[in-house]
Structures are given as C-alpha cells and as structure tokens.
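A.B. asks: Right, I'll just put the structure down here and ask away after.
The values are calculated or read from the model by the stated rules, or taken from the named source; none is laboratory data. Not measured: the values here are computed from a predicted model. Cβ atoms come from the backbone with ideal geometry, glycine included; neighbour counts cover every protein chain shown. Note: areas computed on protein heavy atoms with side chains; ligands, DNA, RNA excluded. Shrake-Rupley method; radii C 1.70, N 1.55, O 1.52, S 1.80 Å.
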Amino acid sequence: MKKQKDGNGMATAVWSLSISRRSFLKLAGAAGGAAVTVGAAIKPELRALTETITALPGGGGEWHPTTCQGCTSWCSSQVYVVDGRAIKVRGNSHSKVHGEASCPRAHLGLQQVYDPDRVKTPMKRTNPRKGRNEDPGFVPISWDEALNTIADKIMELRNNNETHKYMLMRGRYSYMRDILYDRMTKIIGSPNNISHSAICAEAEKFGSYYTEGEWAYRQYDVLNTRYIILWGADPISANRQVSYYLSVWGDMLDRAQVAVVDPRLSASAAKADEWLPIKPGEDGALAVAIAHVILTEGLWYKDFVGNFTDGVNKFVAGEEVSEDDFEEKYTYGLVKWWNLELKDKTPEWAAEKTGLPAEQIKKVAIGYGEAAPHAISWVGGGPVMQVRGAYASMAAHALNGLVGAVDNVGGTLKANKEYTQSFPGPDDFLDDIAKEGKGHKKIDHRGRKEFPALTEGKSGGGVVTNNAADGILNEDPNEIKVAIGYMNNFAFSCPQNERWHRALAKIPFLVHITTNASEFTWFADIVLPSTHHMFEKWGYVKVHGNGYRHVTLNEPVIDPVWDVKTDETWIPWLIAEKLAERGFDNLLRHYQEYKDPETGKTPTNGKEFALYALKYATHKLWDPAEYQGGDKFSGWEEFRATGVWNSDPYPFRKRWGAMKTKTEMFELYSETLKEALEGHAEKHETTVDDILETCNYQARGEQAFIPHYEEPFMWGSEAEYPFVFVDYKSRLNREGRSANCSWFQELRDLDPGDEPWDDVAKINPADAGKLGIKTGDRIKLTSPTGELECTAKLWEGTRPGTIAKSYGQGHWAYGRVAAKEYGEVPRGGNNNDLIPADYDRLSGSTAFYGVVRVKATKV
Ligand code: SF4
C-alpha cells in the first residue's frame, strides 16, 4: 500500500500496483481454477470430447460451411455433420479474416441447437393476466392458427388507421434483417422499428465518427503494430474478431507492448505488459493526459499531424500556443485542442482523477508515442457506454490521430469495401394508411431535446433502445397495441429491466420469435419457434478483420430439429400471405419482387423466398458477370459450397485528407460535431449549451466540439453505496444466449476469477475484510434502483472500491439449466437489476459502465 491524494485532496490508501504479472497470473489461476492462457483455456473433459469426435472412424460425415454468431465476430465456420447430426464446429479456412481459427464459445452452438428446452412448436398464452408472477400457461398451436391470429391483429390496426401502434423489436440479426425489420414495418405503416443497437455499443462509434467520419466498428492491424492501448476491451475474450485475435495475440505479444485500461483484471490484462486498473469513469482523464505527454514530448507523428513551422516544439505544459505557428497536414484543430483542453492535463493531474500513478501514465504515453505510427488506441465499450461517454470515446480515439495510426500499417482501419446489395425499396407498396402511420413519431423518443442520438451527424439518427420501455409505459407518443420481437430479450438485457416487464405486460398483443423461451417470451401472447442461425437458417453477415472483409453465409447444414421457421424471411413471408388472404396484399407483392437472379423465378413460398432473397442480396459476389472485386466464383453453387467471400486487401492511407468529416481531415476540433449539435439545438430553438446541460454533460462553449475530460456521472452517493459496480461480459456468453448450456455453466472459470455453476461478485480482499465478507458468503448487492443476491469471491484482480461481476446469470425464464427453478428462482443475479436506465444521450447509447454505485451486505 502507498498513500496518495484523491481528487478531493484527501489522503487515501491506494492499492499497490507493484504486483508482478507473474503473481497475477498465479492469483488468477489459483482463484479461478483455470490457467489464463491465450485461447487455450480448455478443460480436460472438453478436450477429451473434441478428441473423441475428431477420431470418429472414417469420419463418416462431411464439413459444411455456415456462420457463427455467438458474438459479433461473425466468424465463417464449418460444421461436421454425421447422419444429419451436427457434432463439431471449426473456423472456415476460406476466410481471410480468421481462417481456421475459432474460439471456446463457438462449441456451445451445438448445445444450443440441440437444447431440449428450445421452443419446438408455436404456442399461445392461455393466462390473460401478464406479469412476472403470472405463469403464461402456454399451449401448443399450429402455425396456421398462430399466423391467422397475428394477421388478424395487424388488420385490426390497419382497419382502424392505427398502424403506428405496431412495433417491431429487433435483437441480433443477419443482414436479411430489413425484410422483417424495415420493409414489413413500413408497408404495414409504422415508424416503430426499434433495434437493439443502443444497448450494444453505439458510443464506440461516436468517437470515430466525430474525429474521422466513420460510424462503424474498426479493425486493428495487430500483426504490424508496436503498441496497443486497450480501453476496456478484452479482445481475447469478447469484443470483435475474437477468433482472429486469439490466433495471433501470442505472435503480437512477441513484437508489441500492450497496456490494458480496466478496473478488472481481464484475460487480456493478465497477458499485458501494463495493467492500468483505473477508477471507473475516469478514462477521459487518462486519454487527455496521454495526449498531453505525446505533445509535450514531441512524439506526435509529423507525417500525419504536421509540425511547428520552425520545427521547435512549443507544447509546454500550461502554455498556450499560437495557431499560426503550427502547420497541420491531415488533422484539423490540434492547437485549438491543446489550448482548450490539453495544456493543463498533466500526468500528475490525471493521477489524481484516475487513481493511477503519474509515472505509469507517462510511461504508457511515451511507449505509445514512440511506437507511432504503428500504435493502436483500441476503444471498447467500458469507457464510453457511460453517461458522459461520448467525449471519452472521442478522447481515446483521438490518440490514433496524434500518432498517425488511422488507416495506417499497424494501426486502426475501417471496413474494406464489399458489394452486397440492398433489397428492393418499399415505397411503391406504401398505401395512404401506411404513409400516414409511418409519419408518426417513434416510441423511443430519439431526436427529442433530451435524446439527440446523433448517429452520423443527424439529430435522432440513432436509436435509444432502452427508452422504448418508457415510451410504451407512458403511451408517449402513442400506445403500442401490437408488437413483434425477434432474437431479443429486452426484458433481461436492458438495465432496470423491471420497466420492460411492465411495458411488455401492457402491450395487448405481443409476439416473440425465438429459439428459447426467455424472460421476454414470458409476456408474449404468441410464441413462434425460430431456426438457429448457425445450423438451420439462410442468411449472411459481413465483418472485417486482419485487413479484409468477409461476407459469410448462414446455411441450413442440418434439417430443422423442431417445427421451426426462419425469423427474418420465412415467417414474414407467411404473415404476408395471411395479410393477402385478408385483402391487404402489398407486403406479399413486395416480397414477390425478390426474384432468383439465376433463374428469374418469383418465390412461391417462404422457403424459396429465404433462398432467393439471399441470392439477390449477394448477387454481385457470386455471379461472374457482376464481378466488382475480391474473391471470384463461378456461380452461386461455388459460393454456397465455400460459404464465404473475401474482399481485396486493405488499401492503407487512402483516406488521409479524404475522410468523411466536414473538413475531410481527422478532426481534433470537430466541425462535424459542431454542425450536428448546432443542428439539434436549432431544431429545438435553443443553444448547444442548453442541450448539453439537459443531457447531463459538463462541456460548455467551444469545449463541446473537442475531445475532453468530463467527470463521471454516477448514480448513488459514495457514503451510502461505497463501491462502483463493474459489469463485464463473460467469455462464454454467446451474446447472453448460452446460459442454458451446461458447458457455459461448467466452464465459467475460463473467465479469470469466475466459478463454475455460480455467479460471483468479485471484491478486493482489502475491501471484503473491512465488511467481514469471505469467499463463498451469500451477499446482497444493492444499488439505488435494485438489488440481487450472489456469492462473494475475494479476488485481487478487482480494483479496491469496485465490485466486478460478469453479465449472464440471473435468468429466471431461460430454461432448466439457466434458472435454478424455471419461472421462479434465478441462478445468481442479473446485473441489469442493479444498473439504472441511463444514457449517453449524444450517441443514444445505454450506460452500462461507471454509472452506478452499490453496497454489499451478507445475507
Ligand atoms: S463465438 Fe464469436 S468469436 Fe467465437 S466463433 Fe462464434 S462468432 Fe467467432
């Protein structure tokens, strides 16, 4: 222990950071019962199982291509099928993004598809009362009865000119999504297609958009980099392209330094050169201090940023610089940024904010700067999905501009070009009822003064997913009468989810299309069983990594296990047929436009429609006559058999001076954000300062347009709730859909500090000792908005003053393994019961991190 002053000038004991990496690995291994190794953490039981499968005599089966969507890595995969049964999965070697590489959680797909608790047939509710404590009383019905009921409810809305009271809620998707999400919603006549995007990671995109004009996730050239700063990202466990990074992380570590900023010892932190266990919410302070050091030490990348006209570095702490003295090349506003924000943001200043030693901050900044331009500032969700996260997102991403890493070898890259095409537009099929209905305001309040959601510069351009619950509850702007949700579970996955329970109970007619009956399903009137994306469905997704982009196909590699149909294609087709029987054939006529590009045939049923729509969307990838670039195929059959198309290699530095910002430069003073904020303020006849105040940001005046530090906005007083809650995603989570897999439960200790079949809150031993809490004690965590029960685990890998717990447990209605007692007793607690519904309002993103304090008491 050593003494240091906190932000209020109080002398406080600061956790010693002197424990070596080797000690932490030992701690992690001892505590979790599994070694923390890159990619290899596999239990003997699982290894034996996979070896047995591989050794099947003569194989007897075949490998078939498909896609894993167990996380947003969206890996091209292959499934080994014997006698019609899927028994093993691996990466698809044809992918240039990740090749044969896969990840531990991919295998859980097998348990998902053969899960005996899957929904096997359509069902209807028999209990008219809805609520957490009301058993729905589901009974099986035929597809015909289910679809007739749905079509009747939609027609009721249309007959009453109430189509704006229809709502579509989308969770995970393939790129067939627009058929159900966009086209069907519009042609019925509603504005309310609500995606999950704002509970995913929109705030990450905010930083890159308002500096370099890219509202998208990035890829990272790790094999050519020399330094990586990971901001709350854990690439060998979660985040994107996990399989690829797992396969190359060891090579990269031989050549590059890695610094991990995370209050919790993640798997990536355990392998890193520097772990910076920052106080939650203070990431922006660290980012601007690193920028300060890079400038004062003269380490910015001159070929990208430019230099002082006389070559003498005038960035001196505390001193303003004249804009005339610096000539920028491909950045815009560096000197403004220095004068408005950076000049006083020394490592010593940041040390007080972050709880990190000034020497470590300086060491990381210099190491990162000296590696320029082969240096990556990798922004994950943790530092940015916070109430004031938009500016931390800009600050951390701006470092890539300072070191010239943007679009550069060993740096951060955008997605490569690909050539899929949109489905036919819906406009010709919108009748007057639809046009009128579609013109209503959306249920999530995007674009209101308090919800700018400035996606791609547009006021209300993004979604505010979690706020839709309040819109439904308050009938604001209108009542929702008929709703469909698919591949989502907002009743579990959104913070303060009790609001969703009441909101879903209030909707008179709710349909859930799903593989497993979940907490969302509990409130449904009709349940439609869906195909599994990896084994039973036609679709495609596109993703980038390793300097390439691939487009990979979801393919039905086995016959459907149960009486299931596909959410994004087959089911909407069937609904369209039922609507046509009732005299409204616009949707069916629209879908009939999706002709097979090979034969020109019009689809006549849902199965044909699913296939033709996929061939239509990917036409330019597989038809030699339409060839635009990347891999070339002789036709559909070769593409389907390969399963994946790869782009051309990445064209480095093409965007230098041609970025999609207002100035076409990398903006360190964001004219792009200025225009967006001023546009939103003008729409509401007020000032930018008023917007920022309304939305809980601290910036005023010019500060609104630059990457800068904002104090964390936290729910709960430190006196009553002494710990900041640290939520993180489990390595085996499969986007929250694997909790009913026994392998998920048995192998939970693949995450450092976690325990099999349990849900542990990890507390630093120094804190636990003061509370008299021991490992194994049952404890209650309480926040200002909720509480849960779980097991205490004393663990050095948790920063003192914080409690870390992985997301994923706490299901009460996701199957017999996920819950202790289905419908009654959850296994552990849902982190979202503790987290309040709050937002980074500039991006619309839900705040999951650095947002709430909790207290811990023994039960
Ligand atoms: S779980 Fe994610 S990283 Fe693993 S194979 Fe599936 S998509 Fe790839």
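A.B. asks: How many of the residues in the range 794-807 are in a strand (DSSP E or B), of a type outside the set (Ser, Thr, Tyr) and open to solvent by less than 10 Å² (accessible area, probe 1.4 Å)? Steps first, answer last, please.
C.D. replies: Keep residues of the range 794-807 that are in a strand (DSSP E or B), which gives 794, 798, 802-807.
So of that shortlist, the ones also of a type outside the set (Ser, Thr, Tyr) come out as 794, 803-805.
The next check asks that each one be open to solvent by less than 10 Å² (accessible area, probe 1.4 Å); those that pass are 803-805.
Here the count works out to 3.
A.B. asks: Okay, moving on. Scan the range 101-135 for residues that are in contact (Cβ under 8 Å) with a residue 40 or more places away in the chain and not in a loop (DSSP other than H, G, I, E, B) and jot them down.
C.D. replies: Within the range 101-135, 104, 105, 106, 107, 108, 109, 111, 112, 113, 118, 123, 124 qualify.
A.B. asks: Please specify each residue of the range 163-190 satisfying the condition of being within 13 Å of residue 438 (Cβ to Cβ) and either among the hydroxyl-bearing types (Ser, Thr, Tyr) or open to solvent by 10 Å² or more (accessible area, probe 1.4 Å) (or both).
C.D. replies: 163, 164, 165, 166, 182, 183, 185, 186, 190
A.B. asks: Could you tell me whether any residue of the range 519-526 is under 25 Å from residue 186 (Cα atoms), touching a Leu at 6+ places or on another chain (Cβ under 8 Å) and without any contact (Cβ under 8 Å) to a residue 40 or more places away in the chain?
C.D. replies: For the range 519-526, residues under 25 Å from residue 186 (Cα atoms), touching a Leu at 6+ places or on another chain (Cβ under 8 Å) and without any contact (Cβ under 8 Å) to a residue 40 or more places away in the chain: present.
A.B. asks: Select from the range 504-559 the residues that are in a helix (DSSP H, G or I) and surrounded by 24 or more Cβ atoms within 10 Å (Cβ to Cβ) and list them in ascending order.
C.D. replies: First, pick out the residues of the range 504-559 that are in a helix (DSSP H, G or I): 504-506, 521-523.
Those that are in a helix (DSSP H, G or I) and surrounded by 24 or more Cβ atoms within 10 Å (Cβ to Cβ): 504, 521, 522, 523.
A.B. asks: In the range 824-840, which residues are open to solvent by 10 Å² or more (accessible area, probe 1.4 Å) and either farther than 17 Å from residue 779 by Cα or of a type in the set (Val, Ile, Thr) (or both)?
C.D. replies: As a first pass, look at the range 824-840 and keep what is open to solvent by 10 Å² or more (accessible area, probe 1.4 Å): 824-828, 833, 837.
If the condition is that a residue be open to solvent by 10 Å² or more (accessible area, probe 1.4 Å) and either farther than 17 Å from residue 779 by Cα or of a type in the set (Val, Ile, Thr) (or both), then 824, 825, 837 are the ones that fit.
A.B. asks: Identify all residues within the range 307-327 that are within 20 Å of residue 287 (Cβ to Cβ) and open to solvent by 50 Å² or more (accessible area, probe 1.4 Å); write none if there are none.
C.D. replies: Passing the criteria: only 317.
A.B. asks: Checking residue 128 against (1) crowded, with 23+ Cβ neighbours inside 10 Å; (2) more than 13 Å from the ligand (Cβ to nearest atom), which single condition isn't satisfied?
C.D. replies: If we test residue 128 against (1) crowded, with 23+ Cβ neighbours inside 10 Å; (2) more than 13 Å from the ligand (Cβ to nearest atom), just (1) comes out false.
A.B. asks: Given the structure, is residue 203 in a loop (DSSP other than H, G, I, E, B) and touching a residue at least 24 places away in the same chain (Cβ under 8 Å)?
C.D. replies: On the way: in a loop (DSSP other than H, G, I, E, B): no; touching a residue at least 24 places away in the same chain (Cβ under 8 Å): yes.
Criteria not met by residue 203.
A.B. asks: Right, here's the next one. Just one of 86, 146 is of a type in the set (Gly, Ala, Ser), surrounded by 19 or more Cβ atoms within 10 Å (Cβ to Cβ) and away from the ligand (no atom under 16 Å from the Cβ); which is it? First the steps, then the outcome.
C.D. replies: On the way: 86 fails: away from the ligand (no atom under 16 Å from the Cβ).
Being of a type in the set (Gly, Ala, Ser), surrounded by 19 or more Cβ atoms within 10 Å (Cβ to Cβ) and away from the ligand (no atom under 16 Å from the Cβ) holds for just one of 86, 146, which is 146.
A.B. asks: Would you pick out the residues in the range 64-82 that are aromatic (Phe, Trp, Tyr) and assigned to a strand (DSSP E or B)? Before the answer, list the steps.
C.D. replies: Of all residues in the range 64-82, those aromatic (Phe, Trp, Tyr) come to 74, 80.
80, the sole residue that qualifies.
A.B. asks: Can you say whether residue 117 is away from the ligand (no atom under 15 Å from the Cβ) and at positive phi, as far as the supplied structure shows? Reasoning before the result, please.
C.D. replies: Details: away from the ligand (no atom under 15 Å from the Cβ): yes; at positive phi: no.
No; evaluated as a whole, the condition is false for this residue.
A.B. asks: Considering only the range 388-397, I want to know if a residue exists there that is open to solvent by 10 Å² or more (accessible area, probe 1.4 Å) and either within 19 Å of residue 166 (Cβ to Cβ) or out of contact with any Leu (no Cβ under 6 Å at 6 or more places or on another chain) (or both).
C.D. replies: So the first thing to find is which residues in the range 388-397 are open to solvent by 10 Å² or more (accessible area, probe 1.4 Å), and the list is 388, 392.
Now restrict to residues that are either within 19 Å of residue 166 (Cβ to Cβ) or out of contact with any Leu (no Cβ under 6 Å at 6 or more places or on another chain) (or both): 388, 392.
Checked the range 388-397: at least one residue is open to solvent by 10 Å² or more (accessible area, probe 1.4 Å) and either within 19 Å of residue 166 (Cβ to Cβ) or out of contact with any Leu (no Cβ under 6 Å at 6 or more places or on another chain) (or both).
A.B. asks: Quickly run through the range 751-766 and pick out the residues that are under 24 Å from the mean Cα position of the chain (by Cα) and of a type in the set (Gly, Ala, Ser).
C.D. replies: Step one: list which residues in the range 751-766 are under 24 Å from the mean Cα position of the chain (by Cα), which gives 751-754, 759-762.
Scanning the range 751-766 gives 753, 761.
A.B. asks: Please indicate, with yes or no, whether at least one residue in the range 360-368 is part of a strand (DSSP E or B) and open to solvent by 10 Å² or more (accessible area, probe 1.4 Å). Walk me through it before giving the result.
C.D. replies: If we filter the range 360-368 for residues that are part of a strand (DSSP E or B), which is where we start, we get none.
Within the range 360-368, not a single residue is part of a strand (DSSP E or B) and open to solvent by 10 Å² or more (accessible area, probe 1.4 Å).
A.B. asks: If you scan the range 106-157, which residues turn out to be hydroxyl-bearing (Ser, Thr, Tyr) and either within 32 Å of the chain's Cα centre (by Cα) or under 28 Å from residue 502 (Cβ atoms) (or both)? Steps first, answer last, please.
C.D. replies: To start, the set of residues in the range 106-157 that are hydroxyl-bearing (Ser, Thr, Tyr) comprises 114, 121, 126, 142, 149.
114, 121, 126, 149 - these are the residues of the range 106-157 that are hydroxyl-bearing (Ser, Thr, Tyr) and either within 32 Å of the chain's Cα centre (by Cα) or under 28 Å from residue 502 (Cβ atoms) (or both).
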